[in-house]
Amino acid sequence: MIDVLLAQIRYRLASAWRAPRLDLPLLGALLLLMGIGLVTLYSASDLDRGYVLAQGLRFVLGLVLMLVISRIPPSALRNWTPWLYAASVVLLVIVVMHGEGRGANRWLDLHFVRFQPSELLKLTMPMMIAWFLNGRQLPPGWTTLGIAGALIAVPAALIAKQPDLGTALLIVASGAFGIFLSGLAWWRIGLLLGAFAAAIPIGWPFLHDYQKDRVLTLLNPEADPLGNGWHIIQSKIAVGSGGIWGKGWHHGTQSRLEFLPEHTTDFIFSVFAEEWGLIGVLLLLALYVFIIARCLWIAANARDTYSRLLAGSISMALFVYVMVNGGMVTGILPVVGVPLPLVSYGGTSAVSLLAGFGVLMSIHAHRRTLATH
């Protein structure tokens, strides 16, 4: 009897691990993007191997996590979603009380690891909205929208309190995409966007002074070229000086001569543009477009509401991250501290992104299983 039970357990474990294969086109594109990120980081850090080694180890950790998550059925992810969301919110509360950082409490130091809990919400937020809308009547009514809005507002408010308004808005966007993809009527979307626009003048007095300065600097960075306008001005110089073909790898002057701040993190796109020019930028953007399009294809072929909303939200959120970072470094959008996905230096961001791609891999890999149930 015991032998039969052990055999059944071994069979179930083997079945769970015999994962449906990864989506090879998406995996190949991600590996290429990470390779570009490491090469760019090596140049931006002035050939500091420590940066590359640290980021490479984070990529390995993220890839392992992606592989593990890809083996977990979406039904299991759906069951865990409320607990993952609750844990993420609890971590944000702890950050408010015990967080640390340069001018903002955004990080938790556990001595053996230091991470940014707000990055976790980039995954658990769309998971929670997809979980909440799954099984409910769609498109959602006002009551459902109100509850979903509260689920988005609570963590967004905690992140804004750190203060980190840029990440808070991205979290709001990642949740809002799930609502939008649920079939929300256009007239409701118009009303919600109108209410958001009307709230901007009301919320302006509640912004911190540095947040107001970022918006005003966007309108006229030359008004304070050595202060608030320095980031945008130097970034635009780097992007423009790359020309069509660029100056060549490790031949950019803005980062090497320390004119460009945060050149390994938020403004690494400027380094890439200066070294590889317009052609390189277009090719990098084409790679991002392919990744996003592949993710949307996975969403379109998902077999249940939870998987479809979740995959679509993650795909659209990735699009926003790329566009916000690109707009920031070219002076189209305010400086909000959004890294370029899988290119900028940063551990929590890279690992959480790859975990999100693991969810997409799981949805893609188990779509045939879902179709038979």
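The values are calculated or read from the model by the stated rules, or taken from the named source; none is laboratory data. In this text the structure is predicted, and so the values were computed from the model without any measurement. Neighbour counts run over all protein chains shown; Cβ positions are idealised from the backbone, glycine included. Remember, those area values only see protein heavy atoms, side chains included, never the ligands or the DNA or RNA. Shrake-Rupley method; radii C 1.70, N 1.55, O 1.52, S 1.80 Å.
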Can you find a residue that is in contact (Cβ under 8 Å) with a residue 60 or more places away in the chain and within 26 Å of residue 203 (Cα to Cα) anywhere in the range 127-142? yes
The range 174-189, residues that are outside any loop (DSSP other than H, G, I, E, B) and among the aliphatic types (A, V, I, L, M): 176, 179, 181, 189
Only one of (1) at pLDDT below 80; (2) open to solvent by 60 Å² or more (accessible area, probe 1.4 Å) is not met by residue 131, so which one is it? (1)
When the range 66-92 is examined, which residues are found to be outside any helix (DSSP H, G or I) and not charged (D, E, K, R)? 72, 73
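Residue 22 - would you say it is aliphatic (A, V, I, L, M), modelled with pLDDT under 90 and over 30 Å from residue 270 (Cα atoms)? Break it down stepwise before answering.
Numbers: aliphatic (A, V, I, L, M): yes; modelled with pLDDT under 90: yes; over 30 Å from residue 270 (Cα atoms): yes.
In short, yes.
Yes/no per residue for (1) open to solvent by less than 30 Å² (accessible area, probe 1.4 Å); (2) under 20 Å from residue 215 (Cα atoms):
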| position | (1), (2) |
| --- | --- |
| 297 | no, no |
| 300 | no, no |
| 308 | no, no |
| 317 | yes, no |
| 335 | yes, yes |
| 338 | yes, yes |
So, in the range 321-350, exactly how many residues are farther than 17 Å from residue 228 by Cβ, of a type outside the set (Val, Ile, Thr) and outside any loop (DSSP other than H, G, I, E, B)? 8
Single condition residue 188 does not satisfy, out of (1) open to solvent by 40 Å² or more (accessible area, probe 1.4 Å); (2) within 26 Å of the chain's Cα centre (by Cα); (3) at pLDDT below 85: (2)
Quick test for you: out of 124, 167, pick the one residue that is in a helix (DSSP H, G or I), among the β-branched types (Val, Ile, Thr), open to solvent by less than 20 Å² (accessible area, probe 1.4 Å) and modelled with pLDDT under 90. 167
